[in-house]
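The values are calculated or read from the model by the stated rules, or taken from the named source; none is laboratory data. What you are looking at is a predicted structure, and each value in this text was computed from that prediction instead of being measured. A quick note on method: Cβ atoms are made from the backbone with ideal geometry, for glycine too, and the neighbour counts reach across all protein chains shown. When the accessible area is computed, the model is the full protein with side chains, heavy atoms only, and any ligands, DNA or RNA have been set aside. Shrake-Rupley method; radii C 1.70, N 1.55, O 1.52, S 1.80 Å.
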Amino acid sequence: MTGYNPLAEALNQDLQSAPQIFSMLSASGKAIFFPSKGILGQSAEAKSVKINATIGTAFEEDGSPLTLECMEAAVNLPSESFLYAPSFGNPKLREEWAKLLVTKNPSLAGKSFTAPVVTAALTHALSMAGYLFVEDGDEIILPDLYWDNYELVFEDAYGATLKTYNTFANGGYDVAAFAQALNAGKIGKKIVLLNFPNNPTGYTVTEKEAKSIIEEIRKAAEAGNHIVVLLDDAYFGLGYDEGIARESLFSTLVDMHANVLAVKLDGPTKEDYVWGFRVGFMTMGFKGATATQLKALENKAAGAVRGNISNAPSISQAILLKGYTSPEYAAQKKQKFDILSARVAKIHEIIKAHPEYAKTFEVMPFNSGYFMCVKPIGVDPEALRKLLIAEYSTGVIVLSGLVRLAFSAVPLVHLEAMFANLNAAILKMRG
Ligand SMILES: Cc1ncc(COP(=O)(O)O)c(C=O)c1O
């Protein structure tokens, strides 16, 4: 293991006590380290000195952050929020998010995992997971209905191939197809990407399906595979129907088997309705992980952040911290959830009240998140999309032969018309 920076070598040595985890790292994952001894380390050491000429930020004559007042006036936060956040993220926010993880996933209580490392939202968290774990030529196992940006993130940037399996069977998740994809090929390193609630379908697995998926991962790990499970939990918590998995699969996978590294990628973007804030988190764990090994993974994640964007927006992190520690947070979040939940209830009502729609489109399984999909019957989806814009003033997304409807963006009063337009446009196209 020569050629690495000594700090990277030290982290690698920490991880080599878990060789199965070390072997999951990509070449860049093995090479990366948090540069604790460079500018950042020297600045940290000089933190309480009287004359501090270390860091590349500017301060006024009185020692407060040097800012333009016109900008400061636009932000209802102390001017300290104009300074850099650490590459690991705002320490208080990380603590708060770790607490929230356990509140939202009660069975995580008492389990060991890394502290969440802050990223510039979910896309960046996914990309940093790619940096750490995805090697040129690796396959990523995921359902065939997936968020299309995975192609840019994993295929174009890291040279991976997306290996898809059939998403739905018999009105539910096709766990058999997942198992087949997982067990295909040689025993070795495998990368699985799971996204619940899913984009584009708005589907979250049922409790039973979640157990079966976990069981399949356990069996594959027992067979000797080293499995990185990337959990894209972007829409976490937005579950509307009974019987669906309420906790992230991370809760079980994080300490299920030494051969399974659970990598949770989540954040406030969709959950807390702050799309432009650009803050996300990466949290990792595996069975039997020592504090040293977890710290090494955390350092590698923060090193990847440092080398790519240096650090995530400080103002956004400060606002989030304020929000999460506000006594009103929980009630307001529930109120917004209820708005989306009411739309889903209305959609079920509309579909039930219009049995004739079953002749023009098939409703795909959905129970969570921001979206649902329908499969138009007997017409070209792309032509349908164009007609919906031109003659029905209705915008939808077409992907994989499906029409994706973002109910997150459509007020309750327009839902009836949205489905009526869809039905009318299909009938019109059929002549
Ligand atoms: C499944 C999924 N993951 C990740 C993201 C990206 O989230 P962010 O805006 O936090 O980068 C999206 C956004 O559309 C998404 O649908």
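Could you list all residues from the stretch 83-108 that are crowded, with 22+ Cβ neighbours inside 10 Å, touching a strand residue (DSSP E or B) at 6+ places or on another chain (Cβ under 6 Å) and either assigned to a helix (DSSP H, G or I) or hydrophobic (A, V, I, L, M, F, W, C) (or both)?
Answer for the stretch 83-108, where residues must be crowded, with 22+ Cβ neighbours inside 10 Å, touching a strand residue (DSSP E or B) at 6+ places or on another chain (Cβ under 6 Å) and either assigned to a helix (DSSP H, G or I) or hydrophobic (A, V, I, L, M, F, W, C) (or both): just Trp97.
Test Ala258 against the stated conditions and say whether it is more than 16 Å from the ligand (Cβ to nearest atom), outside any loop (DSSP other than H, G, I, E, B) and not polar (S, T, N, Q).
The answer is no for Ala258.
So which residues in the stretch 351-380 are under 28 Å from the mean Cα position of the chain (by Cα), without any contact (Cβ under 8 Å) to a residue 60 or more places away in the chain and crowded, with 19+ Cβ neighbours inside 10 Å, if there are any at all?
Listed by number, the list holds a single entry, Val374.
Run down Glu298, Glu247 and say which single residue is surrounded by fewer than 24 Cβ atoms within 10 Å (Cβ to Cβ), away from the ligand (no atom under 14 Å from the Cβ) and under 16 Å from the mean Cα position of the chain (by Cα).
Residue meeting the stated conditions: Glu247.
If you go through the stretch 164-184 one residue at a time, do you hit one that is among the polar types (S, T, N, Q), part of a loop (DSSP other than H, G, I, E, B) and open to solvent by 10 Å² or more (accessible area, probe 1.4 Å)?
Among the residues of the stretch 164-184, at least one is among the polar types (S, T, N, Q), part of a loop (DSSP other than H, G, I, E, B) and open to solvent by 10 Å² or more (accessible area, probe 1.4 Å), which makes the answer yes.
Which condition breaks for Gly159 when tested against (1) farther than 20 Å from Gly401 by Cβ; (2) open to solvent by 30 Å² or more (accessible area, probe 1.4 Å); (3) away from the ligand (no atom under 13 Å from the Cβ)?
(2)
Name the residue, out of Asp272, Asp233, that is of a type outside the set (A, V, I, L, M) and surrounded by fewer than 22 Cβ atoms within 10 Å (Cβ to Cβ).
Asp272
Per-residue answers, yes or no, for (1) in contact (Cβ under 8 Å) with a residue 40 or more places away in the chain; (2) of a type in the set (A, V, I, L, M):
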{"site": "Arg246", "(1), (2)": "no, no"}
{"site": "Ser251", "(1), (2)": "yes, no"}
{"site": "Leu265", "(1), (2)": "yes, yes"}
{"site": "Phe286", "(1), (2)": "yes, no"}
{"site": "Glu298", "(1), (2)": "yes, no"}
{"site": "Gly303", "(1), (2)": "yes, no"}
{"site": "Ile315", "(1), (2)": "yes, yes"}
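Return only the number of the condition from (1) among the hydrophobic types (A, V, I, L, M, F, W, C); (2) assigned to a strand (DSSP E or B); (3) more than 16 Å from the ligand (Cβ to nearest atom) that Ala210 does not satisfy.
Going through (1) among the hydrophobic types (A, V, I, L, M, F, W, C); (2) assigned to a strand (DSSP E or B); (3) more than 16 Å from the ligand (Cβ to nearest atom) one by one, Ala210 breaks only (2).
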